[in-house]
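What follows is a single structure, written as structure tokens, with notes after it.
Just so it is clear, none of the values below were taken in a lab; they were calculated from the coordinates. Since we're looking at a predicted model, the values are computed, not measured. Here Cβ is always computed from backbone atoms with ideal geometry, including for glycine, and neighbour counts include all displayed protein chains.
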There are 2 protein chains.
Amino acid sequence: MGINLPNFLTSKSKNKRMNEFQDLDHIDGVSISTLSANLYKDTRDDVVLFYFREGANFASVYTQSKIISENIKWNLNQKSKKIHSLLVNARNANCFTGKQGYKSLEKIAELLSQKLSERQLEDEEYPKKIKPKEIIFGCTGTIGETFPEDKIKNKIPELIDKIKYTQNKYIWMKAALGIMTTDTQPKMAMEICNIGSSEIKIFGVAKGSGMIQPNMATTLAYIFTDADLPNDLLKKILKKNITTTFHAITCDGDTSTNDMVSIFSTGKAKHSKITNINDEKIKDFDLALNKVLLNLAKRVVADGEGASKFISINVENCKNEDDAKKIAFSIANSPLVKTAIAGEDPNWGRIVMAIGKSGVILNIEKLSIRFGDILIVQNGKINPNYNEAEASSYMKGDNIEINVGVFSGSKKFSAYTMDLTNKYIEINSDYRS
Amino acid sequence: MGINLPNFLTSKSKNKRMNEFQDLDHIDGVSISTLSANLYKDTRDDVVLFYFREGANFASVYTQSKIISENIKWNLNQKSKKIHSLLVNARNANCFTGKQGYKSLEKIAELLSQKLSERQLEDEEYPKKIKPKEIIFGCTGTIGETFPEDKIKNKIPELIDKIKYTQNKYIWMKAALGIMTTDTQPKMAMEICNIGSSEIKIFGVAKGSGMIQPNMATTLAYIFTDADLPNDLLKKILKKNITTTFHAITCDGDTSTNDMVSIFSTGKAKHSKITNINDEKIKDFDLALNKVLLNLAKRVVADGEGASKFISINVENCKNEDDAKKIAFSIANSPLVKTAIAGEDPNWGRIVMAIGKSGVILNIEKLSIRFGDILIVQNGKINPNYNEAEASSYMKGDNIEINVGVFSGSKKFSAYTMDLTNKYIEINSDYRS
């Protein structure tokens, strides 16, 4: 959409190679292969295979929708300790496809595990038979259309042939592009951190909530690390960091049936064993994981449909985090706030309205509201020095910060969203064709 | 907005005079007076006085927002059994005006009660001194601007001079116009019903959620009846009927600080005493009140900003009404559903998404979805006879019905909204000027 990505990648990072175009390179234990299975009319990569030669520990967080896609049902049914492959397709969400959709995944998993086993059994270093239940799926695209089982199955031999054990920035870019639906930019992020004295990589790719033709938003994010962490710890650390990252973004308040964020840990970097999330040695990893997730989540919002401005909403000094979150999302999901920002109007009255409708009980006489550093409301009154011309000029930027102080406690929450533009309506009211 | 009002006014009504342009006439005990206090740049009526010569019993339901305007604070503080006047102004919402806003109301109430008393004490039939606490206020317009106390006070003598004891359709139209902000049409409704053998009138005027320049939506609805009902019964019957009418509509999910629905009962129609909401004799009044409220509520939605289509969402066969309501509002507030309808796209996938994100646990294998009478999903599967061309043709109408069957019980809820168009964005992103 031509929006300039805000400066997500702060100088505080330890990763010196980091910049706005992060180049992901090799990560031990992960192989990627992508191709076109002709799921789209135009030829483009639409199937991406992530392959873990020696298996990977893993954890996932799925959509909060009560209607879930068939691939998420499949994933929830697999109880393997290690995963050998994640297969992602675009164009078809495999949702509302019923038994056909689920059976297709069974058959694809069967064929993929058989073909991977053929390769792996010849592997002198790691001969192993791979089982269907060691494969999970990500799907995104239209719902309610027959899942293209044959098109995908036909390409499995070629997908496997293309596997290389050494990855580079080109293949990561291909993976990020291959999982896109209506995103306008691929989304990648990385951090390097330490567990004890070992250097650990955390790479991630994501796709966003491009909810255009034909049907629906889906957020997918896949994180890969060479750390050696057990599944239950991965689950805890992923859930903890999702709260302030992927669960802190909103485009239009709509929720997909297919959302999926997963972390895979190949265990190829050797470090002392960690089993407890409170272990001091995991702190740096924890922070780095948060950065990767936040970086990807912000990229999803910045590339939201029709977005012309990136909006951060910081709600501070609340009695509890839940209150801060309710206020932040009430502002972030308000069409009136989002249209005002699209119109570059410092319409603080709408912020007041959104705070009021959040349902949080607060003392209005303590309330403060700032756009960036511009103080508008203080102690529940308009700042007598407020200069609307200054605020109007601030609103012309690409990167808008709304800061709300509640002054009833010490808890805070930040939510991220984009403005609501004519372009959003155009995109979403276009007849599917 | 050019939208044709759907045929709200069904032939089932007992009121033979009813049509799409209902003419409200005289109702005993209510006087109306309107004028321009120059609150707008252009001269238009912006202050409306409703005067109850002999007082009226009353009840109100206010906004659910946690930030409320000064006039609502004032109204909540008045504990009079009877009200003598409701003064409504447009242009300034008297919200976020702090002590100045509240004190202005005190002073206006003081002057208005004094001037009304002067008139009333000369009244041979009903000499009475009117107290400030027998006056309540409705305000709508910008928030955060100084309340125009003097402009309003200056006009009070003229407002009172203009009071006539016999009302006609012209003065009701003036009242409906005088309380408007960015509504494009005045909103009036009436029903005639019986309590016992007495004929009872129920009249209503409303303004809608035109959330354009400068700031904010406010729904105001005022109902007047010549029935003789006590305050606690009015409160119960208003609350009961609000649930399926004004609390069943949504334009964009945003909530004003000033919303106010009130009922005033002048007691001029004589009938047997009623104290209990379950009394058989109040049934007809109950139904008629629901019709008036629903009629006004639907008019508010149909005149919602940028509306090109009126949408009814009927969710049936739920375990409880709360589930039905959650699903109905999840659909009604989904920008993806509302943009699809603006684009005349029978995009049922988005209905599925919105049902899923409602949080209601349901058996997807029982789910049915219809647009009007067109069956799309039955028993959780696409209807094999579904013809998208037929559905596309249906979507071209002004009046769209989405019918969802959950089949887990017998409860239902209907919500009403309009589509989300480019016009909405244009209106709301225009810089305030």
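Could you pull the copy-to-copy label distances for residue A:81, with points set 7 Å along Cα to Cβ, in nm to one decimal and sorted shortest first?
When each copy's label point is compared with this one, the spacings are 7.9 nm.
As a check on your grasp of the helix formula, calculate [θ] at 222 nm for chain B: sum -39500 (n - 2.57) over DSSP H runs of n ≥ 4, divide by the residue count, round to the nearest 500. Please list the in-between numbers first.
Numbers: 12 runs with 133 residues, N = 433.
Computed ellipticity for chain B at 222 nm equals -9500 deg cm²/dmol.
Quick one: if you take sqrt(5λ) for each eigenvalue of the C-alpha gyration tensor of region B:322-433, what semi-axes come out, biggest first, whole angstrom?
On the way: eigenvalues 137, 66, 23 Å².
One finds semi-axes of 26, 18, 11 Å for region B:322-433.
In region A:280-333, which GluC sites (Glu not before Pro) fall in coil by DSSP and have 10 or fewer other Cβ atoms within 10 Å?
Those that pass, being in a loop and sparsely packed, number zero.
Pairing the Cα long axis of helix B:283-302 with the longest principal axis of chain B, what angle in degrees results, from 0 to 90 and rounded to the nearest 10?
Helix B:283-302 sits at roughly 70 degrees to that axis.
Over region A:310-429, what is the percentage of antiparallel beta bridges among all DSSP beta bridges, to the nearest 5?
70
Summing Lys, Arg as +1 and Asp, Glu as -1, what charge do residues with Cβ under 12 Å from the Cβ of residue B:372 carry, residue B:372 excluded?
Overall, the nearby charge balance is -1.
Counting only DSSP beta bridges with both residues in the protein assembly as shown, what percent are antiparallel, rounded to the nearest 5?
The antiparallel proportion sits near 70 percent.
Evaluate the relative contact order of chain B (contact order divided by residue number), counting alpha-carbon pairs under 8 angstrom at least 6 apart; express in whole percent. Each step should come with its number before you reach the end.
Working: 997 pairs, mean separation 77.7, N = 433.
In percent, rounded to a whole number, it is 18.
From the label point of residue A:386, set 7 Å along Cα to the beta carbon, how far off in nm is each other copy's matching point, shortest first?
4.9
Calculate the mean, over all residues of peptide B:256-265, of how many other protein chain Cβ atoms lie within 10 angstrom of the residue's Cβ.
Partner-chain Cβ atoms within 10 Å, mean over residues of B:256-265: 1.
Starting from the Cα gyration tensor of the protein assembly as shown, take the square roots of the eigenvalues, sort them a ≥ b ≥ c, and report rounded, prolate or oblate (rounded when a/c is under 1.5, otherwise prolate if a/b is larger than b/c, else oblate).
Verdict is prolate for the protein assembly as shown.
Just to confirm the filter: which trypsin sites (Lys or Arg not before Pro) across region B:242-334 are DSSP coil and have at most 12 other Cβ within 10 angstrom of their Cβ? Present the calculation step by step, with values, prior to reporting the outcome.
Numbers: sites: B:268, B:270, B:273, B:281, B:283, B:291, B:298, B:299, B:309, B:319, B:325, B:326; in loops: B:268, B:270, B:273, B:309, B:319.
Sites meeting the loop and neighbour criteria: B:270, B:273.
Which GluC sites (Glu not before Pro) in region A:103-212 pass both tests, a DSSP loop state and at most 15 other beta-carbon atoms within 10 Å? It would help to have the intermediate numbers written out before the result.
Numbers: sites: A:106, A:110, A:118, A:122, A:124, A:125, A:134, A:145, A:149, A:158, A:191, A:199; in loops: A:122, A:124, A:125, A:145.
Those that pass, being in a loop and sparsely packed, are A:122, A:124, A:125.
For a test of the definition: using alpha carbon positions, the gyration tensor, and the 1.5 limit on a/c, classify region A:19-87 as rounded, prolate or oblate.
Note, shape of region A:19-87 comes out oblate.
Under the definition of Cα pairs under 8 Å and six or more residues apart, what whole-number percent is the relative contact order of region B:310-429?
Numbers: 221 pairs, mean separation 56.3, N = 120.
Relative contact order here is 47 percent.
If you fit an axis through the alpha-carbon atoms of helix B:98-121 and take the longest principal axis of the Cα set of chain B, what angle between them do you get, 0 to 90°, nearest 10?
Taking the Cα atoms of chain B, the angle to B:98-121 is about 60 degrees.
Counting other C-beta atoms within 10 Å, which of B:95, B:193 has the fewest, and how do the rest follow?
Final ranking by Cβ density, sparse to dense: B:193, B:95.
Which percent, to the nearest 5, of DSSP beta bridges fully inside chain B are antiparallel?
Bridges in chain B are about 70 percent antiparallel.
For helix A:231-243, report the angle its Cα long axis makes with the longest principal axis of the Cα atoms of chain A; keep it between 0 and 90° and round to the nearest 10°.
With both axes taken from Cα atoms, the answer is about 30 degrees.
Please compute the average number of Cβ atoms from other chains found within 10 Å of each residue's Cβ in peptide B:84-92.
Per residue, the average neighbour count from other chains is 0.
Between residue A:64 and the same site in the other copies, what are the distances in nm, shortest first, taking label points 7 Å from Cα along the C-beta direction?
1.7
Per residue of A:340-351, what is the mean number of Cβ atoms on other protein chains within 10 angstrom of that residue's Cβ?
Per residue, the number of nearby Cβ atoms from other chains is 5 on average.
How many angstrom lie between the C-alpha centres of region A:314-356 and region A:73-104?
Region A:314-356 and region A:73-104 have Cα centres separated by 37 Å.
Take every Cα-Cα pair in region A:152-296 and report what % of them are more than 21 Å apart.
Distances greater than 21 Å cover 49 percent of the Cα pairs.
Give the shape of region B:31-302 as rounded, prolate or oblate, defined through the alpha-carbon gyration tensor: a ≥ b ≥ c are the square roots of its eigenvalues, a/c under 1.5 means rounded, and otherwise the shape is prolate if a/b is larger than b/c and oblate if not.
oblate
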